[in-house]
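The values are calculated or read from the model by the stated rules, or taken from the named source; none is laboratory data. On a predicted model such as this, the values are computed, not experimentally measured, just so you know. All Cβ positions, glycine included, derive from the backbone under ideal geometry; neighbour counts span all protein chains shown.
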């Protein structure tokens, strides 16, 4: 489990420095297929190393719910980035299916996923559901503006 968290943190730190105020559509750059696949491999290894039905297995399952959530959100993010450029009903349907899977994951793991701010109609999820609000444009921070 330590390797799981350390590998994500190793990727997150330089991303956060470079993209401090980045919008949601930049997150797939951090949570790439490579990182998510490697993270899943680490969780699978952790799950295999602990006795089933033990507290340790429950802890791995807790983290697995978060990784499953992240994978689904990254899929939605990638789809919706294209959707806002050209609205396609087929993409909207795929996104809605992913949202249904997110809702089920949150319901199955209510202590792993803080579903409140993540629902499709919340400001944090702006742009991530075809029936929700479009993405909000990112404002430049004062220190990013050319004041000369």
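Do any helices (runs of 4 or more DSSP H) lying entirely in segment 12-115 carry at least 1 residues that are in contact with a helix residue (DSSP H, G or I) (Cβ under 8 Å, 6 or more places away or on another chain) and more than 24 Å from residue 127 (Cα to Cα), and which ones are they?
33-49, 55-85, 89-108
Could you please tell me which pairs satisfy a Cβ distance under 7 Å, a separation of 6+ or placement on different chains, a first residue in segment 12-24 that is within 20 Å of residue 128 (Cα to Cα), and a second residue that is surrounded by 11 or more Cβ atoms within 10 Å (Cβ to Cβ) and modelled with pLDDT under 75?
From segment 12-24, the pairs are 21/138; 23/138.
Residues of segment 9-26 being within 20 Å of residue 78 (Cβ to Cβ) and modelled with pLDDT under 90, which ones?
Answer for segment 9-26, where residues must be within 20 Å of residue 78 (Cβ to Cβ) and modelled with pLDDT under 90: 18, 19, 22, 23, 24, 25, 26.
List pairs: first in segment 74-99 and in contact (Cβ under 8 Å) with a residue 40 or more places away in the chain, second surrounded by fewer than 13 Cβ atoms within 10 Å (Cβ to Cβ) and outside any helix (DSSP H, G or I), Cβ under 7 Å, 6+ apart or cross-chain?
So the pair list comes out as 84/134.
Can you tell me which residue is modelled with the lowest pLDDT among those in segment 94-140 that are over 27 Å from residue 61 (Cβ atoms) and loosely packed, with under 11 Cβ neighbours inside 10 Å?
140
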